[in-house]
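K.L.:
Next up is a structure, given as structure tokens.
The values are calculated or read from the model by the stated rules, or taken from the named source; none is laboratory data. Please read these numbers as outputs of a predicted model, since none were measured by experiment. We place every Cβ from the backbone using ideal geometry, glycine too, and count neighbours over all the protein chains shown.
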Amino acid sequence: VQLQACGGGLVQAGGSLRLSCAASGRTFSSYTMAWFRQIPGKEREFVAAINWSGTYYADSVKGRFTISRDNAKSTVYLQMNSLKPEDTAVYYCAADSAAYSDSYYSPREYDYWGQGTLVTVSS
């Protein structure tokens with residue numbers, strides 16, 4: 001599986017961005033898909049995940065970010081609203097071949113990673 005993320009950029013605080021991640025492979029619909037983010041010197045941080053069971057969010061983004069997927073297009077999205085400067089990071093999409101896991105929040109759970117897209121939120 002190859003993942004290609006895009007949609008990052010520079011936005012003012014309070015603004016919105018939508019990230020997209022296109023996946024290759026025939027079994028996309030069965031994968032758990034997730035977004036993580038990372039700033040230099042820190043560990044990769046869970047943002048949101050989606051699978052057949054539902055959607056999951058980090059507390060820091062709950063109510064502001066929405067993860068969704070279009071299985072026909074093999075694409076997962078992250079709609080980010082009310083952005084804050086602390087949301088600035090490189091955002092990565094990830095795929096887990098397991099349809100469900102209790103460890104959806106852990107980077108170690110994921111088998112495939114996209115290349116990352118930079119989101120910068122100015123104050």
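K.L.:
Tell me, which residue of region 95-123 that is among the aliphatic types (A, V, I, L, M) and farther than 19 Å from P40 by Cα is modelled with the lowest pLDDT?
P.N.:
Ranking the qualifying residues of region 95-123, first place goes to A99.
K.L.:
On the given criteria, is R44 basic (K, R), in contact with a strand residue (DSSP E or B) (Cβ under 8 Å, 6 or more places away or on another chain) and touching a residue at least 24 places away in the same chain (Cβ under 8 Å)?
P.N.:
Yes: the conditions hold for R44.
K.L.:
If you take the residues in region 55-73 that are of a type in the set (G, A, S) and modelled with pLDDT of 95 or more, which one is surrounded by the fewest Cβ atoms within 10 Å (Cβ to Cβ)?
P.N.:
G63
K.L.:
Next question. Only one of these is buried (at least 16 other Cβ atoms within 10 Å of the Cβ) and within 14 Å of V1 (Cβ to Cβ): Y91, Y105, Y110. Name it.
P.N.:
Answer to the check: Y110.
K.L.:
Further question: Pull up region 1-18, narrow it to residues that are under 17 Å from V61 (Cα atoms) and assigned to a strand (DSSP E or B), then point me to the one that is nearest to the chain's Cα centre (by Cα).
P.N.:
R18
K.L.:
May I ask you to verify whether R37 is in contact (Cβ under 8 Å) with a residue 60 or more places away in the chain, within 12 Å of the chain's Cα centre (by Cα) and within 16 Å of Y110 (Cα to Cα)?
P.N.:
The answer is yes for R37.
K.L.:
Related question: Let me spell it out: the conditions are (1) under 20 Å from Q4 (Cα atoms); (2) outside any loop (DSSP other than H, G, I, E, B); (3) more than 14 Å from the chain's Cα centre (by Cα), and E86 meets all of them except one. Which number is the exception?
P.N.:
It is condition (1) that E86 fails.
K.L.:
Could you run through region 37-58 and say how many residues are out of contact with any Asp or Glu (no Cβ under 6 Å at 6 or more places or on another chain), assigned to a strand (DSSP E or B) and either of a type outside the set (V, I, T) or more than 19 Å from T120 (Cβ to Cβ) (or both)?
P.N.:
Count: 11.
K.L.:
Based on what the data block shows, is V119 more than 14 Å from A49 (Cβ to Cβ), in contact with a Phe, Trp or Tyr (Cβ under 7 Å, 6 or more places away or on another chain), touching a residue at least 40 places away in the same chain (Cβ under 8 Å) and part of a strand (DSSP E or B)?
P.N.:
yes
K.L.:
Taking into account only those residues within region 9-27 that are of a type in the set (S, T, N, Q) and at pLDDT 95 or above, which is nearest to R37 (Cα to Cα)?
P.N.:
S20
K.L.:
Oh, and also: Can you run down the residue pairs with Cβ atoms below 7 Å, 6 or more apart or on separate chains, where the first is in region 1-26 and in contact (Cβ under 8 Å) with a residue 60 or more places away in the chain and the partner is basic (K, R) and assigned to a strand (DSSP E or B)?
P.N.:
Listed pairs, sorted by first residue: G7/R18.
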